[in-house]
Amino acid sequence: MTAVLELLEVSRVHGSGATAVNALRGVSLQVGAGEFVAVMGPSGSGKSTLLNIAGGLDSPSAGEVTVEGVALAGMTRADLAQVRRRSVGYVFQELNLIPALTAAENVALPRELDGVSTRKARAEALAALKDVDLAGVAGRFPDELSGGQQQRIAIARALVGPRRLLLADEPTGALDSVTGEDVMKLLRSRCDEGAAAVLVTHDARLAGWSDRVIFLRDGLMVDDTGTPPTAGSLLTGGAGR
Amino acid sequence: MSIRQGILAMLADGPRHGYQLRVDFEERTGSTWPLNIGQVYTTLSRLERDGLVVALDGGDDDTHKPYALTELGRAELAAWFATPVHREDRPRDELAIKLAMAAEMPGADLHAVVQAQRTDTMRALQDYTRLRRAADAAGDDLSWPIVLDSLIFATEAEVRWLDATEERLARRRATTARTTSDGAAEAAATADDGEAVR
């Protein structure tokens, strides 16, 4: 298995002295190409810290983070920004859409920053919008769209281009459950095409779409469903529990 | 699980023999509740005794004898669909009993029991989700996805209940810790008073 993301004994301490908080304590995790990992745990368990560190938005106090074989530690700011832009797609609770840009321009922006031609970036953006069923609103501005549509635009922006690592933090917050499932289908199909995804969620039904669920508590990985057995093994073995 | 009513429902489509009934049942419920052929024949003979089905002529031998629904059977089936399944008619929940027992048992690690269960339930939820994805992709008829949705929502509810149990446990621990440290502070204060008096 080629690991797209590797965390090795990663710890993160916020603050220092008596008020120091151990957000993560020695967490190791490998996410391979094609693998979809869900991270669950109560609030304050370190889920979002793990995701921020995986995407180079935060640095570990100890331990190593590797994205597509490249260690993030010791990178220059410019190199790190490039890894974040080229290899990683993020979907966060805050959508951070740029109000002055249309849906298509928002989605094309990261590709243009990558140096892709405007024309190619636009074609990729339209394809990503089509994937989230929003081809029809490509020319609209964010404030002309519903909350659910804005969320799907943010998702299209994360999926645009050849990103190999997708990081999502409660990405279906503003969506109803049917559209929420559509988002999971999208993440799933990207993984089936060879991307790696890490999803932070408290929603078990969303986590059910993953290959592997890890559980955090107080910054420690307390359990792991492991990689899945073959499909259907549960039901052919008899009736549930 | 009501094999009896299930068989009546399948016979509403037209006469079938025992083996066909078993195959149909498993197709509609995705082998979630596997039936053995013995159960099917036993149930059929009871249904025949009660006048809900009737054996027709035909078939090479007894095992291929087709059965048809009677008027009485049709009425029983209609009554089944018209009556909700009451919660108290369902079997006891072993897991709820287990956690209730663990909660009061000295030395039992309720956290560990909850976590082990959550991991297992989550695996089941992943499995059901995978199966439903496959069923959706294959464009299967309605019955199997309906059964899968039932399993998905039930396992989701179980995970949420386990989360709530864990939160309850954490709150209880925090309260106990506070009471204990209050007690210790009080004891210390009393000791201080003692010092002052002396």
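Restricting A:Gly237, A:Gly173, A:Gly232 to residues that are out of contact with any Leu (no Cβ under 8 Å at 6 or more places or on another chain), modelled with pLDDT under 90 and either within 14 Å of another protein chain (Cβ to nearest Cβ) or open to solvent by less than 50 Å² (accessible area, probe 1.4 Å) (or both) narrows the list to A:Gly237.
Across the stretch B:3-41, the qualifying residues are those that are in a loop (DSSP other than H, G, I, E, B) and within 14 Å of chain A (Cβ to nearest Cβ), and the one among them that is surrounded by the fewest Cβ atoms within 10 Å (Cβ to Cβ) is B:Asn36.
Is at least one residue of the stretch A:134-151 open to solvent by 20 Å² or more (accessible area, probe 1.4 Å) and either of a type in the set (Val, Ile, Thr) or in contact with a Phe, Trp or Tyr (Cβ under 7 Å, 6 or more places away or on another chain) (or both)? No, the stretch A:134-151 has no match at all. Contact map, the stretch A:50-71: first residue farther than 15 Å from A:Leu167 by Cβ and of a type in the set (A, V, I, L, M), second residue modelled with pLDDT under 90 and not in a strand (DSSP E or B), Cβ cut-off under 8 Å, separation 6 or more or different chains; pairs are A:Val70/A:Val83. Only residues that are part of a helix (DSSP H, G or I), open to solvent by 30 Å² or more (accessible area, probe 1.4 Å) and over 26 Å from A:Asp79 (Cβ atoms) were counted across the stretch A:92-124, and they come to 4. Kindly evaluate A:Arg86 against the criterion of being in a strand (DSSP E or B), over 25 Å from A:Gly208 (Cα atoms) and charged (D, E, K, R). So A:Arg86 does not fit the description; no.
One line per residue, one yes/no per condition, for (1) in contact with a Leu (Cβ under 9 Å, 6 or more places away or on another chain); (2) at pLDDT 95 or above; (3) in a loop (DSSP other than H, G, I, E, B):
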{"site": "A:Val4", "(1), (2), (3)": "yes, no, no"}
{"site": "A:Leu7", "(1), (2), (3)": "yes, yes, no"}
{"site": "A:Val10", "(1), (2), (3)": "yes, yes, no"}
{"site": "A:Arg25", "(1), (2), (3)": "yes, yes, no"}
{"site": "A:Gly34", "(1), (2), (3)": "no, no, yes"}
{"site": "A:Val39", "(1), (2), (3)": "yes, yes, no"}
{"site": "A:Gly44", "(1), (2), (3)": "no, no, yes"}
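Quick grid of which residues meet (1) open to solvent by 10 Å² or more (accessible area, probe 1.4 Å); (2) within 20 Å of A:Leu206 (Cα to Cα); (3) among the aromatic types (Phe, Trp, Tyr):
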| residue | (1), (2), (3) |
| --- | --- |
| A:Glu6 | yes, no, no |
| A:Asn22 | yes, no, no |
| A:Gln30 | yes, no, no |
| A:Ser45 | no, yes, no |
| A:Ser48 | yes, yes, no |
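The values are calculated or read from the model by the stated rules, or taken from the named source; none is laboratory data. Source: prediction; values computed, not measured. Don't worry about glycine lacking a Cβ; one is built from the backbone with ideal geometry, like all the others, and counts go over all protein chains shown. Just the protein is used for accessible areas: all its heavy atoms, side chains included, with ligands, DNA and RNA removed. Shrake-Rupley method; radii C 1.70, N 1.55, O 1.52, S 1.80 Å.
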